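Since the structure comes first, as structure tokens, the remarks are kept for the end.
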Amino acid sequence: MESFLEILKYTVPAFIVFLTVYVLQKQYLKNRYELELLDYRRSQKDTTLPLKLQAYERLTLFCERINVSNLILRIRSETMSASDLHIGMLVSIQKEFEHNVAQQVYVSPELWEIVKLVKNETINLVTSVAQEQKEEASALDLSRSIFNRIQETKFQPVEKALLAIKKEAGLLM
């Protein structure tokens, strides 16, 4: 029995020291891990923030470039027919969209849906007005008809998208 007590005299303090070191070491490693994780997130934020801001800039530019009045001014020429202008506008919208499709990675899904909706509404407006035109209509006739439709319907999806972009970018700041 005496040898058991002798062993216990050494084992219990050693066990207490072991538990203390174990708890302290575990707490130290946990704190160290959290600090490393915080540093990693901070470095990630430093690299992704400029990319997100650039995405908002590019989507703003996209919206401005597919704005119907800007499209007409950029594409229309005196020798074009209405169908040429119609096709040119659709191609330009699609190319602009394809050029900016990667920006969806950096913006919220809701904002990306708004951007897609603006693209589709603009295409629908241009196509519906173009279908109402006579075959021999000029690009000028189509342009006037599009501007008249915009004024009649108060068509403003680009402005709404720009507000959504500004709002989301403002949350980032």
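Every number in this text was worked out from the coordinates using simple rules, so none of it is lab data. These figures come from a predicted structure and were not determined experimentally. So basically every Cβ, Gly included, is an ideal-geometry build from the backbone, and we count neighbours across all protein chains shown.
Some points to look at:
- Residue match in the range 67-76 (condition: exposed (fewer than 11 other Cβ atoms within 10 Å of the Cβ) and part of a helix (DSSP H, G or I)): yes
- Restricting the range 138-156 to residues that are touching a Lys or Arg at 6+ places or on another chain (Cβ under 9 Å) and not in a loop (DSSP other than H, G, I, E, B), the residue that is nearest to residue 58 (Cα to Cα) is 143.
- Of all residues in the range 20-66 being among the hydroxyl-bearing types (Ser, Thr, Tyr) and over 13 Å from the mean Cα position of the chain (by Cα), the one that is surrounded by the fewest Cβ atoms within 10 Å (Cβ to Cβ): 47
- Residues being within 30 Å of residue 45 (Cβ to Cβ) and among the basic types (Lys, Arg) - total across the range 85-118: 1
- Selection status of residue 114, β-branched (Val, Ile, Thr) and closer than 18 Å to residue 70 by Cβ: no
- The number of residues in the range 118-137 that are surrounded by 15 or more Cβ atoms within 10 Å (Cβ to Cβ) and not in a loop (DSSP other than H, G, I, E, B) comes to 9.
Matching residues to (1) among the hydrophobic types (A, V, I, L, M, F, W, C); (2) in contact (Cβ under 8 Å) with a residue 12 or more places away in the chain; (3) touching a Lys or Arg at 6+ places or on another chain (Cβ under 8 Å):
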position: 50; (1), (2), (3): no, no, no
position: 86; (1), (2), (3): no, yes, no
position: 90; (1), (2), (3): yes, yes, no
position: 102; (1), (2), (3): yes, no, no
position: 107; (1), (2), (3): yes, yes, yes
